[in-house]
1. Please work out the Cα center distance from the range 171-194 to the range 15-55, rounded to the nearest Å.
2. Note down, for the range 29-82, the three equivalent ellipsoid semi-axes (square root of 5 times each alpha carbon gyration tensor eigenvalue), biggest first, whole angstrom.
3. With θ taken as phi - 60° and the coefficients 6.51, -1.76 and 1.60, list the Karplus ³J(HN,Hα) couplings across the range 32-37 in order, rounded to whole Hz; mark glycine and proline as x.
4. Taking θ as phi - 60°, what are the ³J(HN,Hα) couplings along the range 83-91 by the Karplus curve (6.51, -1.76, 1.60), each to the nearest whole Hz, with x for Gly and Pro?
5. Could you tell me which label, among [x] 143; [y] 111; [z] 161, carries the value of volume of the Cα convex hull per residue in Å³ calculated for this structure?
6. Once ligands and nucleic acids are excluded and a 1.4 Å probe is used, how much of Ile43 is accessible, expressed in Å² to the nearest 10?
7. Could you tell me which trypsin sites (Lys or Arg not before Pro) in the range 1-65 are loop residues by DSSP with no more than 13 other beta carbons within 10 angstrom of their beta carbon?
8. Apply the Karplus curve 6.51 cos²θ - 1.76 cosθ + 1.60, θ = phi - 60°, to the phi angles in the range 169-176 and return the couplings in whole Hz, x for Gly and Pro.
Amino acid sequence: MSQRTRLTPEQRREQLLDLGVRLFATHSLDELSIDVVAREAGISRGLLYHYFGDKVAFREAVVRRAAADLVAQTAPPATGDAAERLLASMTAYVDFVDANYEGYVSMVRGAASDPVLRKIYDEAFGALGGRIFDAGADFVTDSPAARLLVRGWQAMSEELVLSWKTDPAGLSREELLSILAGSLLTLLEMLEQG
């Protein structure tokens, strides 16, 4: 008979949050109910409320964690030229969306109507876009026009990846990645030539 290990309140909260994020990968926010999480964790609903206060606070914590995971998992490598680093980051982005599709779509849609989700989404979107400018001046000169262009490219990329996930339209994963990375490079070259 195995002996149970008693978790600290912070460890239990983290465990529940980890479970929520795992469930969020395959469930929409609406499907991510307290009942589902409590059942999966083998705890009472009351315990979940004890750690998060209410359903809204739990949902917000799960989305914050998922957004942080997205930013962390898509971090470009520290070495390589800017184009290689961009391709590596975009590859990780496509992998993240593929592995967390239901939750990611739910976050994107929820951000359109929920101010808290919008804030979380905007922070993650900003962190991802800011990386383009962290790649160094040899990649792009930081300017308001360049930031506008990168933000538009991000929106196009997100829509393209989400659409490709539901219907690849004959594009291989490698072709999709080439288009995503190549389109930003082309747009930035056009801006620089202005």
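The values are calculated or read from the model by the stated rules, or taken from the named source; none is laboratory data. Small disclaimer: the values here were computed from a predicted structure and weren't measured. A quick note on method: Cβ atoms are made from the backbone with ideal geometry, for glycine too, and the neighbour counts reach across all protein chains shown. Side chains included, ligands, DNA and RNA excluded: accessible areas come from the protein's heavy atoms. Shrake-Rupley method; radii C 1.70, N 1.55, O 1.52, S 1.80 Å.
1. 39
2. Taking √(5λ) for each eigenvalue gives 33, 10, 9 Å, largest first.
3. 7, 8, 4, 4, 4, 5
4. Values per residue, Gly and Pro as x: 5, 5, 5, 5, 4, 4, 5, 5, 4 Hz.
5. [z]
6. That residue has around 30 Å² of solvent-accessible surface.
7. For trypsin sites (Lys or Arg not before Pro) across the range 1-65 that sit outside H, G, I, E and B with at most 13 neighbouring Cβ atoms in 10 Å, the list reads Arg4, Arg6.
8. The phi angles translate into 6, x, 8, 6, 4, 5, 5, 4 Hz.
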